[in-house]
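Below you'll find the structure, written out as structure tokens, and then a few comments.
Any read-out appearing in this document is the output of simple, stated calculations on the displayed coordinates, not a laboratory observation. Model, not experiment: these values are computed from the prediction. Because the Cβ atoms are built from the backbone with ideal geometry, glycine has one as well, and the counts that use them run over all protein chains shown.
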Amino acid sequence: MSSEWPLWEVFIRGQHGLNHRHVGSLHAPDAEMAIRHARDVYTRRNEGVSIWAVKSEDIAASSPSEKGPLFDPANDKVYRHPTFYDIPDEVGHM
Amino acid sequence: MYAQMVKTDGKGIKPREEMTPEEQRFQDRIDAGEKIEPKEWMPEAYRQNLIRQIGQHAHSEIVGQLPEGNWITRAPTLERKAILLAKVQDEAGHGLYLYCAAETLGVSRDELTEALLSGKMKYSSIFNYPTLNWADIGAVGWLVDGAAIMNQVPLQRTSFGPYSRAMIRICKEESFHQRQGYDIMMKMARGTPEQREMAQDALDRYWYPSLMMFGPSDKDSVHSAQSMAWKIKINTNDELRQKFVDQTVPQAKYLGLTIPDPELKWNEEKGGHDFSEPDWSEFYAVLKGNGPCNRDRLEARQNAWEDGRWFRDGLVAHAKKADARRAAARVAAE
Amino acid sequence: MPSLPDVMTPDAEALAKAAGNGARAPLAAGTLAHDLFTGLTRLGDNALILGHRVSEWCGHAPVLEEDIALANVALDLIGQTQLWLGLAGEVEGRGRSADNLAFLRDAWHFSNILLVERPNRDFGHTLMRQFLFDAWHQPMLKALEDSNDARIAEIAAKAGKEVAYHLERSADLVIRLGDGTEESHARMQDALERLWPWTGEAFVADDIDLRLAEAGLMPAPESLRPVWDATLTEVLSEATLTTPDSTFAHTGGKQGRHTEDMGHILSSMQWLQRAYPGATW
């Protein structure tokens, strides 16, 4: 078994009563650990902050700013092919 | 700090008349200073280049933990130990932010990690040099972080939103890195004769590798031109290298240390220093895998990944069990 | 700080001065100042040596998020070291700083419990060692908040907040890995069994502990056992791990008799300070 930890989006509300703000993402096996990791990674353990963690795949997002084909990463994984990683010629075989 | 490895698909800048309407709109948005966000349309080559550049940048942060981590257990005071630990921890954090930025382009962190460990993707060659005495920790902060910052500050304006935001956060956190390095150098350069010797030795070994960090001259490179048109590269390698030398010379003088370049001198006409080129054959040798530490660095990362597999899998298994138990409890309650 | 007997005789001071750095006349054994100095170095050395061990993982952890989290733990412990050893130096009154105590004492003057010097081995062993220590450290600091010495209470309150989080983290990971895959379970059970004989020392009192407890400066070691037992019972059962059926405990660390590992830890940790005496870093 080898499965990647899911990606979470982290939202933090500081001490001053402002709304939760998106601060970044991280990987964690479940929600509880996502919150703990968020504390370690994004607050360096400031007291008195409120943390939300949401699975990235559960976020519904508006359409992109421009019309035109919506690029869905899941449909176009060119990066899965080794040839995607174009190594400079000078470097030689690797 | 990974300009040296950035390369586009090699076709150079596409002339406007050859662009599709989408590509034209895309270029117009970039020219207008708009940020490109993950789900918006982008040319495939732009996406590929960004994944490669951000991925290499992230890998460099992670591999970059190793040469400095080499001294954590030997730091000479409790405060130096704490500072160094915090700095190496920051590098892990920076790697994490950058991987997340790359992930918005549709590649996963594990895929990027596997590409690093198999040698398909590269990291900055500077980390293939060893840290041999305590002054190296100073030199890495002063010169290596100094060179990195020179590249990272303009990248805050890069066209891809998540990359730009990661760079803003990184630059904010990195401001102390170069300073703490220089602080170590000052203590060493003004310390005992042995400490002075260590400081000069560190500068002697790290000077040319630091100049190499900016990559070979690219003023005529079509690859760089496309990256610059897309604003995923902001300055040429030579511009940044010149800026770095001009910034560093007075700092070395202040320390009373000698930059190991007899040709180094101020050129009034160009308003900058003339200096010797690094040995580019060494640069290519290190890129090919023949630096002093290439094998050890990669092996350390491979071991961390392989030895940690049971840990990562164990936590996934627990999360699944806990989920199943919660679901069963809900069913029982209904 | 309640008044301590003055043991700093002029003779001892003169002797210390004459002897130079690192070789000062020790406080007289059996005095309260000596007891307090020893009690404080026990706290400081635990934090220092465990912090050192944990810091060895930096850059090598199984996943980035854990690398960062573990570095936070190490940073907390090094910070606590500075406070405890700083106070120890102050109580000693011989002009030794926290750095002097950390980098210029030899192994037999270190008084950490043996548990914290055990090697990291795999990540599970490191986490189990952390949990077994945190489960003692947390109630220890809680009790120290009631110390008659306000300086001790203050440090304990600050460290206590950090360590409450260490315990939450290490306990949770022990549970998850114990109740994870077959392999993670086996590794955690193995770690528990390997570390078990090194856990009892924290609860064994010597005369110094008893006098410190009597003076209301530090808790009696055995008074922490019920809380430790309760934490272990709860966490290990949820982790589906079996508590070893043995009460045997290695002791000696608190009195300066260490394992072979200690010399290796110090030979890297103290190397620069030892090789270049008197240098400023």
Residues C:Trp228, C:Trp198 arranged by fewest to most Cβ contacts within 10 Å: C:Trp228, C:Trp198
Ratio of the Cα radius of gyration of chain B to 2.2 N^0.38 Å, where N counts its residues: 1.11
Furthest towards positive pole of dipole, B:Ser164, B:Ile54, B:Gly314, structure part chain B, Cβ charges: B:Gly314
Euclidean distance between Cα centres, segment B:267-313 to segment B:90-125, Å: 16
Built amide H within the under 5 Å cut-off of B:Phe160, gap 5+: B:Ile36
Contact order normalised by residue count of segment C:28-135, Cα under 8 Å, 6+ apart, percent: 34
Chain C: angle of helix C:64-92 to the longest principal axis, Cα-based, in degrees nearest 10: 20
Nearest-ten-degree value, helix C:10-19 long axis tilted from longest Cα axis of chain C: 70
Inter-chain shielding of B:298-310 (mean C-beta neighbours from other protein chains, 10 Å cut-off): 4
Footprinting exposure proxy for C:Cys58, B:Cys293 (fewest neighbouring C-beta atoms within 10 Å first): B:Cys293, C:Cys58
Shielding by partners, peptide A:4-11 (average Cβ within 10 angstrom, other chains): 3
Hull shadow area, averaged, segment C:84-227 [alpha-carbon convex hull, nm²]: 9.4
Whole-angstrom gap from segment C:154-202 to segment B:50-78, using each part's C-alpha centre: 28
Distant-in-sequence amide H partners of B:Gly272 (H built 1.01 Å from N, under 5 Å): B:Asn267
Only Lys, Arg (+1) and Asp, Glu (-1) charged, at Cβ; segment C:25-275 dipole about Cα centre in debye: 720
Histogram of C-alpha separations across segment B:2-101, 5 Å bin width, %: 2, 11, 15, 16, 14, 11, 9, 7, 6, 5, 3, 1, 0
Share of alpha-carbon pairs per 10 Å distance bin for the protein assembly as shown, given as whole %: 3, 14, 22, 23, 19, 12, 6, 2, 0, 0
Dipole magnitude of segment C:17-133, debye to nearest 20 (Cβ charges: Lys/Arg +1, Asp/Glu -1, about Cα centre): 500
Compactness index (Cα Rg / 2.2 N^0.38 Å), segment B:46-122: 1.26
Normalised contact order of segment B:13-153, rounded percent, pairs of Cα under 8 Å and 6 or more residues apart: 27
Which of C:Thr259, B:Ile149, B:Val286, positive extreme of dipole for the protein assembly as shown (C-beta unit charges): B:Ile149
Span-like helix ranges in chain B, DSSP H, alpha carbon extent 18 angstrom or more, Kyte mean at least -1.0: B:44-63, B:78-103, B:161-189, B:309-333
Among B:Gly271, B:Gly161, B:Gly119: highest mean-square fluctuation, GNM of chain B, C-alpha pairs under 10 Å: B:Gly271
Shielding score for C:74-81, defined as the mean number of other chain Cβ atoms within 10 Å: 4
Between segment A:5-45 and segment B:149-213, the alpha-carbon center distance in angstrom: 29
Length-normalised contact order for chain C - Cα pairs under 8 Å, 6+ apart - percent: 22
Only Lys, Arg (+1) and Asp, Glu (-1) charged, at Cβ; the protein assembly as shown dipole about Cα centre in debye: 720
Positive dipole terminus of the protein assembly as shown, leading residue within B:Leu85, C:Gly59, B:Gln242 (C-beta point charges): B:Gln242
